[in-house]
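The values are calculated or read from the model by the stated rules, or taken from the named source; none is laboratory data. All values reported here derive from a predicted model rather than from experimental measurement. Ideal geometry is used to build each Cβ from the backbone, glycine not excepted, and the neighbour counts take in all protein chains shown.
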Amino acid sequence: MLHQAVELQTIAREAPLQLSVVIPTLNEAGNVKPLLEKLGIALAGIEWEAIFVDDGSTDGTPELLTGIAQSDRRVRMVRRIGRRGLSSAVVEGALASTTPIVAVIDADLQHDERILPDLFRAISDQGHELAIGTRYAGNGSTGEWAESRLKISRFATALAGPIMKTRLSDPMSGFFAVRRDVLLEAAPRLSNVGYKILLDLVASMPRPLKVAEVGYTFGTRQHGASKLDEMVALEYVELLLDKTVGRFVPVKLVQFGAVGMLGVGVHLLLLDLALNALGLAFAWSQAAAVVGAMTFNFALNNRFTYRDRQLKGFAWIGGLLSFYLVCSLGAVANVGIGSLVYDQFHGWWIAGIAGAIVGSVWNYVASGWLTWTR
Ligand code: GDD
Ligand code: MN
(Lines give C-alpha, C1' and ligand atoms only; values in the text may rest on other atoms or scores of the structure.)
(Ligands and ions follow the chains in the order given, each with its own letter.)
Protein backbone atom coordinates (compact mmCIF):
# COMPACT_ATOMS: atom_id res chain seq x y z
CA MET A 1 0.00 0.00 0.00
CA LEU A 2 2.70 2.38 1.08
CA HIS A 3 4.84 1.22 -1.81
CA GLN A 4 2.05 2.00 -4.27
CA ALA A 5 1.56 5.50 -2.91
CA VAL A 6 5.25 6.26 -3.26
CA GLU A 7 5.25 5.02 -6.82
CA LEU A 8 2.26 7.17 -7.81
CA GLN A 9 3.94 10.15 -6.26
CA THR A 10 7.02 9.62 -8.38
CA ILE A 11 4.97 9.46 -11.53
CA ALA A 12 2.93 12.53 -10.73
CA ARG A 13 5.85 14.65 -9.60
CA GLU A 14 6.18 16.55 -12.84
CA ALA A 15 3.47 18.46 -14.68
CA PRO A 16 2.02 16.42 -17.54
CA LEU A 17 3.47 16.86 -21.00
CA GLN A 18 1.32 18.95 -23.30
CA LEU A 19 3.17 18.99 -26.58
CA SER A 20 5.53 16.71 -28.51
CA VAL A 21 7.59 18.41 -31.18
CA VAL A 22 8.60 15.94 -33.88
CA ILE A 23 11.82 16.90 -35.68
CA PRO A 24 13.04 14.87 -38.67
CA THR A 25 16.80 14.95 -39.16
CA LEU A 26 19.13 13.91 -41.90
CA ASN A 27 22.62 15.33 -41.35
CA GLU A 28 21.68 18.32 -39.23
CA ALA A 29 24.51 18.27 -36.67
CA GLY A 30 25.06 22.01 -36.92
CA ASN A 31 21.39 22.84 -36.33
CA VAL A 32 20.31 20.63 -33.45
CA LYS A 33 21.64 22.69 -30.55
CA PRO A 34 20.54 26.11 -31.82
CA LEU A 35 17.11 24.65 -32.54
CA LEU A 36 16.70 23.23 -29.02
CA GLU A 37 17.73 26.58 -27.54
CA LYS A 38 15.19 28.38 -29.69
CA LEU A 39 12.47 25.88 -28.78
CA GLY A 40 13.24 26.37 -25.08
CA ILE A 41 12.68 30.09 -25.43
CA ALA A 42 9.64 29.91 -27.70
CA LEU A 43 7.85 27.24 -25.69
CA ALA A 44 8.36 28.70 -22.20
CA GLY A 45 5.21 28.00 -20.18
CA ILE A 46 4.27 24.89 -22.17
CA GLU A 47 5.31 21.39 -21.06
CA TRP A 48 7.00 20.08 -24.19
CA GLU A 49 9.34 17.39 -25.40
CA ALA A 50 11.30 16.99 -28.63
CA ILE A 51 11.19 13.71 -30.56
CA PHE A 52 13.93 13.61 -33.16
CA VAL A 53 13.62 11.05 -35.92
CA ASP A 54 16.95 10.39 -37.55
CA ASP A 55 17.32 8.40 -40.76
CA GLY A 56 20.93 7.29 -40.66
CA SER A 57 22.71 10.65 -40.59
CA THR A 58 26.44 10.26 -41.11
CA ASP A 59 27.53 13.64 -39.76
CA GLY A 60 27.27 12.76 -36.07
CA THR A 61 23.69 13.97 -35.55
CA PRO A 62 22.49 10.79 -33.76
CA GLU A 63 25.57 10.71 -31.49
CA LEU A 64 25.07 14.36 -30.66
CA LEU A 65 21.41 13.73 -29.86
CA THR A 66 22.26 10.72 -27.72
CA GLY A 67 24.51 12.94 -25.60
CA ILE A 68 21.89 15.67 -25.29
CA ALA A 69 19.06 13.25 -24.50
CA GLN A 70 21.02 11.66 -21.64
CA SER A 71 21.04 14.88 -19.67
CA ASP A 72 17.89 16.56 -20.98
CA ARG A 73 14.66 14.68 -20.31
CA ARG A 74 12.81 16.78 -22.84
CA VAL A 75 14.75 15.21 -25.69
CA ARG A 76 14.13 11.79 -27.22
CA MET A 77 15.30 10.17 -30.42
CA VAL A 78 13.86 7.57 -32.76
CA ARG A 79 16.66 6.17 -34.83
CA ARG A 80 15.96 4.44 -38.13
CA ILE A 81 18.65 2.48 -39.88
CA GLY A 82 18.52 1.75 -43.59
CA ARG A 83 15.32 3.65 -44.16
CA ARG A 84 14.73 7.09 -45.60
CA GLY A 85 11.76 9.28 -46.15
CA LEU A 86 10.60 12.48 -44.57
CA SER A 87 6.89 11.64 -44.41
CA SER A 88 7.33 8.23 -42.85
CA ALA A 89 9.89 9.65 -40.40
CA VAL A 90 7.42 12.27 -39.22
CA VAL A 91 4.65 9.71 -38.83
CA GLU A 92 6.88 7.41 -36.85
CA GLY A 93 7.91 10.20 -34.51
CA ALA A 94 4.32 11.30 -34.03
CA LEU A 95 3.23 7.75 -33.26
CA ALA A 96 5.97 7.54 -30.62
CA SER A 97 4.42 10.49 -28.78
CA THR A 98 1.83 10.27 -26.02
CA THR A 99 0.84 13.93 -25.76
CA PRO A 100 -2.58 15.14 -26.94
CA ILE A 101 -0.99 17.55 -29.42
CA VAL A 102 1.89 16.90 -31.79
CA ALA A 103 3.82 19.53 -33.72
CA VAL A 104 6.22 18.99 -36.62
CA ILE A 105 9.10 21.31 -37.46
CA ASP A 106 12.16 21.05 -39.71
CA ALA A 107 15.49 20.81 -37.89
CA ASP A 108 17.26 23.36 -40.08
CA LEU A 109 15.79 26.55 -38.53
CA GLN A 110 13.94 27.44 -41.75
CA HIS A 111 10.60 27.19 -39.94
CA ASP A 112 10.04 30.04 -37.49
CA GLU A 113 9.67 28.33 -34.10
CA ARG A 114 8.23 31.51 -32.59
CA ILE A 115 4.78 30.71 -33.99
CA LEU A 116 4.74 27.28 -32.32
CA PRO A 117 2.82 28.55 -29.26
CA ASP A 118 0.16 29.98 -31.60
CA LEU A 119 -0.13 26.66 -33.40
CA PHE A 120 -0.35 24.88 -30.04
CA ARG A 121 -3.00 27.20 -28.57
CA ALA A 122 -5.09 27.14 -31.74
CA ILE A 123 -5.64 23.50 -30.89
CA SER A 124 -5.52 23.41 -27.09
CA ASP A 125 -7.61 26.58 -26.48
CA GLN A 126 -9.49 27.35 -29.67
CA GLY A 127 -10.75 23.91 -30.59
CA HIS A 128 -9.03 23.48 -33.94
CA GLU A 129 -7.88 20.02 -34.97
CA LEU A 130 -5.00 21.17 -37.15
CA ALA A 131 -2.93 24.34 -37.14
CA ILE A 132 -0.45 25.03 -39.90
CA GLY A 133 2.39 27.46 -40.44
CA THR A 134 1.80 29.10 -43.81
CA ARG A 135 3.93 31.11 -46.20
CA TYR A 136 0.94 32.10 -48.31
CA ALA A 137 -1.47 33.77 -45.89
CA GLY A 138 -1.48 36.40 -43.14
CA ASN A 139 2.05 37.62 -42.46
CA GLY A 140 3.52 34.63 -44.21
CA SER A 141 6.18 34.82 -46.90
CA THR A 142 8.62 32.58 -48.71
CA GLY A 143 11.57 34.78 -47.77
CA GLU A 144 14.50 34.71 -50.16
CA TRP A 145 13.13 32.40 -52.80
CA ALA A 146 14.02 32.66 -56.47
CA GLU A 147 11.10 33.31 -58.83
CA SER A 148 11.58 29.85 -60.38
CA ARG A 149 11.18 28.03 -57.03
CA LEU A 150 8.12 30.15 -56.25
CA LYS A 151 6.52 29.13 -59.55
CA ILE A 152 7.21 25.45 -58.93
CA SER A 153 5.79 25.65 -55.42
CA ARG A 154 2.63 27.40 -56.67
CA PHE A 155 2.19 24.88 -59.45
CA ALA A 156 2.56 21.96 -57.04
CA THR A 157 0.08 23.61 -54.67
CA ALA A 158 -2.45 23.99 -57.49
CA LEU A 159 -2.11 20.30 -58.38
CA ALA A 160 -2.91 19.40 -54.79
CA GLY A 161 -6.24 21.26 -54.80
CA PRO A 162 -8.52 18.43 -55.94
CA ILE A 163 -7.28 15.87 -53.42
CA MET A 164 -7.51 18.06 -50.31
CA LYS A 165 -10.60 17.69 -48.18
CA THR A 166 -9.52 20.65 -46.09
CA ARG A 167 -8.64 23.95 -47.80
CA LEU A 168 -5.08 24.94 -46.92
CA SER A 169 -3.14 27.93 -48.25
CA ASP A 170 0.15 26.04 -47.86
CA PRO A 171 -0.30 22.26 -48.10
CA MET A 172 3.40 21.90 -49.01
CA SER A 173 4.45 23.18 -45.62
CA GLY A 174 6.06 20.69 -43.28
CA PHE A 175 5.35 22.94 -40.29
CA PHE A 176 2.17 22.26 -38.33
CA ALA A 177 0.53 21.01 -35.15
CA VAL A 178 -2.22 18.43 -35.03
CA ARG A 179 -4.34 16.61 -32.48
CA ARG A 180 -2.80 13.21 -31.92
CA ASP A 181 -6.14 11.39 -32.21
CA VAL A 182 -6.70 12.98 -35.64
CA LEU A 183 -3.32 11.75 -36.73
CA LEU A 184 -4.12 8.28 -35.46
CA GLU A 185 -7.38 8.34 -37.40
CA ALA A 186 -5.53 9.23 -40.62
CA ALA A 187 -2.52 6.96 -40.03
CA PRO A 188 -3.85 3.74 -41.58
CA ARG A 189 -4.77 5.62 -44.77
CA LEU A 190 -1.57 7.62 -45.24
CA SER A 191 0.41 7.05 -48.44
CA ASN A 192 3.69 7.71 -46.64
CA VAL A 193 5.63 8.51 -49.80
CA GLY A 194 7.87 11.50 -50.23
CA TYR A 195 8.02 14.77 -48.38
CA LYS A 196 4.49 16.06 -48.22
CA ILE A 197 3.21 14.75 -44.94
CA LEU A 198 0.73 17.59 -44.36
CA LEU A 199 -0.86 17.12 -47.78
CA ASP A 200 -0.95 13.38 -47.22
CA LEU A 201 -2.69 13.98 -43.89
CA VAL A 202 -5.49 16.23 -45.18
CA ALA A 203 -5.94 14.04 -48.27
CA SER A 204 -6.18 10.89 -46.16
CA MET A 205 -8.81 12.14 -43.72
CA PRO A 206 -12.32 11.18 -44.77
CA ARG A 207 -13.67 14.52 -43.55
CA PRO A 208 -12.58 18.18 -43.56
CA LEU A 209 -10.63 19.30 -40.49
CA LYS A 210 -11.13 22.40 -38.40
CA VAL A 211 -7.96 24.22 -39.30
CA ALA A 212 -6.16 27.39 -38.21
CA GLU A 213 -3.41 29.07 -40.25
CA VAL A 214 -0.57 31.17 -38.88
CA GLY A 215 1.78 33.07 -41.22
CA TYR A 216 5.55 32.83 -40.98
CA THR A 217 8.53 33.70 -43.12
CA PHE A 218 10.52 30.78 -44.49
CA GLY A 219 14.10 31.25 -43.32
CA THR A 220 17.40 30.64 -45.07
CA ARG A 221 19.51 27.63 -44.17
CA GLN A 222 22.66 28.45 -42.17
CA HIS A 223 24.16 24.96 -41.71
CA GLY A 224 24.08 21.85 -43.89
CA ALA A 225 22.27 21.42 -47.19
CA SER A 226 18.72 20.71 -48.39
CA LYS A 227 17.91 17.05 -49.01
CA LEU A 228 15.35 17.80 -51.67
CA ASP A 229 16.66 16.35 -54.91
CA GLU A 230 15.30 15.44 -58.33
CA MET A 231 13.39 12.55 -56.72
CA VAL A 232 11.13 14.95 -54.87
CA ALA A 233 9.07 15.80 -57.93
CA LEU A 234 8.64 12.13 -58.72
CA GLU A 235 7.62 11.32 -55.14
CA TYR A 236 5.12 14.13 -55.29
CA VAL A 237 3.56 12.66 -58.43
CA GLU A 238 3.47 9.28 -56.67
CA LEU A 239 1.62 10.79 -53.74
CA LEU A 240 -0.94 12.44 -56.06
CA LEU A 241 -1.38 9.19 -58.01
CA ASP A 242 -1.79 7.15 -54.85
CA LYS A 243 -4.43 9.53 -53.57
CA THR A 244 -6.39 9.48 -56.85
CA VAL A 245 -6.06 6.28 -58.91
CA GLY A 246 -4.36 4.40 -56.05
CA ARG A 247 -7.69 2.98 -54.92
CA PHE A 248 -8.12 1.16 -58.23
CA VAL A 249 -4.63 0.27 -59.48
CA PRO A 250 -1.24 0.06 -57.77
CA VAL A 251 0.85 3.18 -58.38
CA LYS A 252 3.77 0.99 -59.40
CA LEU A 253 1.67 -0.50 -62.22
CA VAL A 254 0.97 3.01 -63.52
CA GLN A 255 4.69 3.81 -63.41
CA PHE A 256 5.55 0.47 -65.00
CA GLY A 257 3.07 1.24 -67.78
CA ALA A 258 4.52 4.73 -68.33
CA VAL A 259 8.01 3.28 -68.60
CA GLY A 260 6.64 0.71 -71.04
CA MET A 261 5.22 3.48 -73.25
CA LEU A 262 8.63 5.13 -73.35
CA GLY A 263 10.05 1.69 -74.14
CA VAL A 264 7.89 1.50 -77.27
CA GLY A 265 9.43 4.79 -78.38
CA VAL A 266 12.93 3.46 -77.73
CA HIS A 267 12.06 0.31 -79.67
CA LEU A 268 10.98 2.27 -82.74
CA LEU A 269 14.02 4.50 -82.54
CA LEU A 270 16.41 1.54 -82.39
CA LEU A 271 14.54 -0.23 -85.16
CA ASP A 272 14.85 2.82 -87.39
CA LEU A 273 18.54 3.10 -86.56
CA ALA A 274 19.37 -0.55 -87.25
CA LEU A 275 17.18 -0.89 -90.32
CA ASN A 276 17.65 2.44 -92.07
CA ALA A 277 20.93 3.85 -90.79
CA LEU A 278 22.90 0.61 -90.45
CA GLY A 279 21.09 -1.28 -93.20
CA LEU A 280 20.57 -4.50 -91.21
CA ALA A 281 17.95 -7.06 -92.16
CA PHE A 282 14.51 -6.56 -90.58
CA ALA A 283 14.67 -9.62 -88.34
CA TRP A 284 18.06 -8.60 -86.90
CA SER A 285 17.00 -5.01 -86.51
CA GLN A 286 13.80 -6.00 -84.75
CA ALA A 287 15.73 -8.37 -82.46
CA ALA A 288 18.22 -5.67 -81.55
CA ALA A 289 15.39 -3.22 -80.88
CA VAL A 290 13.64 -5.75 -78.61
CA VAL A 291 16.76 -6.32 -76.52
CA GLY A 292 17.48 -2.59 -76.41
CA ALA A 293 13.95 -1.74 -75.33
CA MET A 294 13.92 -4.46 -72.65
CA THR A 295 17.22 -3.20 -71.29
CA PHE A 296 15.88 0.35 -71.28
CA ASN A 297 12.71 -0.73 -69.47
CA PHE A 298 14.69 -2.65 -66.90
CA ALA A 299 17.09 0.21 -66.21
CA LEU A 300 14.34 2.82 -65.91
CA ASN A 301 12.09 0.69 -63.72
CA ASN A 302 15.06 -0.12 -61.53
CA ARG A 303 15.86 3.57 -61.20
CA PHE A 304 12.34 4.87 -60.63
CA THR A 305 9.48 2.39 -60.22
CA TYR A 306 11.42 0.05 -57.96
CA ARG A 307 13.95 2.45 -56.48
CA ASP A 308 12.85 1.19 -53.05
CA ARG A 309 14.25 -2.20 -54.06
CA GLN A 310 16.95 -0.94 -56.43
CA LEU A 311 19.40 -3.53 -57.75
CA LYS A 312 23.07 -2.60 -57.95
CA GLY A 313 26.32 -4.20 -59.10
CA PHE A 314 26.05 -7.93 -59.73
CA ALA A 315 22.43 -7.96 -58.69
CA TRP A 316 21.78 -5.46 -61.49
CA ILE A 317 23.01 -7.95 -64.09
CA GLY A 318 21.10 -10.83 -62.49
CA GLY A 319 18.01 -8.63 -62.44
CA LEU A 320 18.42 -7.76 -66.10
CA LEU A 321 18.65 -11.44 -67.10
CA SER A 322 15.58 -12.34 -65.06
CA PHE A 323 13.78 -9.39 -66.65
CA TYR A 324 14.64 -10.72 -70.13
CA LEU A 325 13.17 -14.07 -69.09
CA VAL A 326 10.01 -12.48 -67.70
CA CYS A 327 9.51 -10.39 -70.83
CA SER A 328 10.03 -13.38 -73.12
CA LEU A 329 7.23 -15.20 -71.38
CA GLY A 330 5.23 -11.96 -71.53
CA ALA A 331 5.75 -11.90 -75.29
CA VAL A 332 4.48 -15.47 -75.58
CA ALA A 333 1.38 -14.53 -73.56
CA ASN A 334 1.00 -11.41 -75.68
CA VAL A 335 1.00 -13.35 -78.96
CA GLY A 336 -1.18 -16.13 -77.53
CA ILE A 337 -3.91 -13.88 -76.19
CA GLY A 338 -3.68 -11.64 -79.25
CA SER A 339 -4.27 -14.61 -81.57
CA LEU A 340 -7.14 -15.88 -79.45
CA VAL A 341 -8.90 -12.53 -79.54
CA TYR A 342 -8.19 -12.19 -83.25
CA ASP A 343 -9.79 -15.56 -83.97
CA GLN A 344 -12.88 -14.54 -82.02
CA PHE A 345 -13.42 -10.96 -83.17
CA HIS A 346 -11.23 -10.44 -86.24
CA GLY A 347 -10.45 -6.88 -85.12
CA TRP A 348 -6.70 -6.64 -85.54
CA TRP A 349 -6.23 -3.63 -83.30
CA ILE A 350 -8.44 -4.95 -80.48
CA ALA A 351 -6.44 -8.17 -80.62
CA GLY A 352 -3.19 -6.22 -80.61
CA ILE A 353 -4.18 -4.11 -77.61
CA ALA A 354 -5.54 -7.10 -75.68
CA GLY A 355 -2.30 -8.98 -76.23
CA ALA A 356 -0.21 -5.99 -75.20
CA ILE A 357 -2.24 -5.42 -72.01
CA VAL A 358 -2.04 -9.04 -70.92
CA GLY A 359 1.67 -9.15 -71.75
CA SER A 360 2.37 -5.95 -69.82
CA VAL A 361 0.39 -7.00 -66.75
CA TRP A 362 2.23 -10.31 -66.81
CA ASN A 363 5.56 -8.46 -67.04
CA TYR A 364 4.56 -6.26 -64.12
CA VAL A 365 3.41 -9.08 -61.86
CA ALA A 366 6.18 -11.52 -62.74
CA SER A 367 9.02 -8.98 -62.57
CA GLY A 368 7.74 -7.75 -59.21
CA TRP A 369 8.04 -11.32 -58.07
CA LEU A 370 11.18 -12.52 -59.88
CA THR A 371 13.30 -9.47 -60.65
CA TRP A 372 12.60 -6.99 -57.86
CA THR A 373 12.08 -9.48 -55.09
CA ARG A 374 11.63 -7.92 -51.70
N1 GDD B 1 14.39 11.63 -40.84
C2 GDD B 1 14.51 12.21 -42.04
N3 GDD B 1 14.52 11.44 -43.16
N4 GDD B 1 14.61 13.56 -42.11
C5 GDD B 1 14.74 14.11 -43.33
C6 GDD B 1 14.76 13.38 -44.52
C7 GDD B 1 14.63 11.96 -44.41
O8 GDD B 1 14.64 11.23 -45.39
N9 GDD B 1 14.90 14.24 -45.56
C10 GDD B 1 14.96 15.47 -45.02
N11 GDD B 1 14.88 15.41 -43.68
C12 GDD B 1 14.84 16.50 -42.69
C13 GDD B 1 15.94 17.51 -42.81
O14 GDD B 1 17.04 17.15 -42.00
C15 GDD B 1 15.26 18.76 -42.32
O16 GDD B 1 15.24 18.84 -40.92
C17 GDD B 1 13.84 18.62 -42.81
O18 GDD B 1 13.65 17.21 -42.95
C19 GDD B 1 13.54 19.35 -44.12
O20 GDD B 1 14.45 18.90 -45.11
P21 GDD B 1 15.19 19.91 -46.09
O22 GDD B 1 16.11 19.10 -46.91
O23 GDD B 1 15.73 21.08 -45.35
O24 GDD B 1 13.98 20.36 -47.01
P25 GDD B 1 13.68 21.79 -47.62
O26 GDD B 1 14.00 22.91 -46.71
O27 GDD B 1 14.28 21.86 -48.97
O28 GDD B 1 12.11 21.64 -47.75
C29 GDD B 1 11.30 21.93 -46.64
O30 GDD B 1 10.51 22.98 -46.96
C31 GDD B 1 9.61 22.72 -48.00
C32 GDD B 1 8.82 23.94 -48.22
O33 GDD B 1 8.82 24.26 -49.52
C34 GDD B 1 10.45 20.74 -46.24
O35 GDD B 1 9.74 21.05 -45.03
C36 GDD B 1 9.45 20.40 -47.28
O37 GDD B 1 8.56 19.39 -46.80
C38 GDD B 1 8.69 21.61 -47.61
O39 GDD B 1 7.84 21.32 -48.69
MN1 MN C 1 15.17 23.03 -45.17
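Every listed requirement among (1) among the charged types (D, E, K, R); (2) surrounded by 16 or more Cβ atoms within 10 Å (Cβ to Cβ); (3) within 14 Å of the chain's Cα centre (by Cα); (4) part of a loop (DSSP other than H, G, I, E, B) is met by D170 save one, (3). Would you confirm whether any residue within the stretch 126-143 is away from ligand 1 (no atom under 15 Å from the Cβ) and free of Cβ contacts under 8 Å to residues at least 60 places away in the same chain? Checked the stretch 126-143: no residue is away from ligand 1 (no atom under 15 Å from the Cβ) and free of Cβ contacts under 8 Å to residues at least 60 places away in the same chain. Where helices (runs of 4 or more DSSP H) fall entirely within the stretch 83-160, those with at least 1 residues that are touching a Gly at 6+ places or on another chain (Cβ under 9 Å) and surrounded by 21 or more Cβ atoms within 10 Å (Cβ to Cβ) are at 86-95, 116-124.
Among residues of the stretch 213-232 that are within 27 Å of R167 (Cα to Cα) and modelled with pLDDT under 85, those with a beta-carbon under 9 Å from a residue that is of a type outside the set (K, R) and away from ligand 2 (no atom under 12 Å from the Cβ) at least six positions away or on a different chain give the pairs M231/G194; M231/F304; V232/G194.
Within the stretch 74-81, is even one residue over 27 Å from T166 (Cβ atoms), assigned to a strand (DSSP E or B), of a type in the set (V, I, T) and more than 25 Å from the chain's Cα centre (by Cα)? Yes, because at least one residue in the stretch 74-81 is over 27 Å from T166 (Cβ atoms), assigned to a strand (DSSP E or B), of a type in the set (V, I, T) and more than 25 Å from the chain's Cα centre (by Cα). Here's a check for you: in the stretch 318-374, which residue that is polar (S, T, N, Q) and exposed (fewer than 14 other Cβ atoms within 10 Å of the Cβ) is farthest from M294 (Cα to Cα)? By that ranking, first place goes to Q344. Just so you know, in the stretch 205-218 the residues that are within 14 Å of ligand 2 (Cβ to nearest atom) and over 23 Å from the mean Cα position of the chain (by Cα) include one that is surrounded by the fewest Cβ atoms within 10 Å (Cβ to Cβ), and it is T217.
Among the conditions (1) farther than 27 Å from N139 by Cβ; (2) near ligand 1 (Cβ under 9 Å from one of its atoms), the only one that R76 does not satisfy is (2). None of L35, L26 is within 16 Å of ligand 2 (Cβ to nearest atom), out of contact with any helix residue (DSSP H, G or I) (no Cβ under 7 Å at 6 or more places or on another chain), aliphatic (A, V, I, L, M) and more than 27 Å from P188 (Cβ to Cβ) except L35.
Somewhere in the stretch 198-211, is a residue within 22 Å of M172 (Cβ to Cβ), free of Cβ contacts under 8 Å to residues at least 60 places away in the same chain and within 16 Å of ligand 1 (Cβ to nearest atom)? Yes, the conditions are met somewhere in the stretch 198-211. Taken over the stretch 346-374, the criterion of being free of Cβ contacts under 8 Å to residues at least 60 places away in the same chain and over 17 Å from V332 (Cα atoms) is satisfied by H346, G347, W348, W349, I350, W369, L370.
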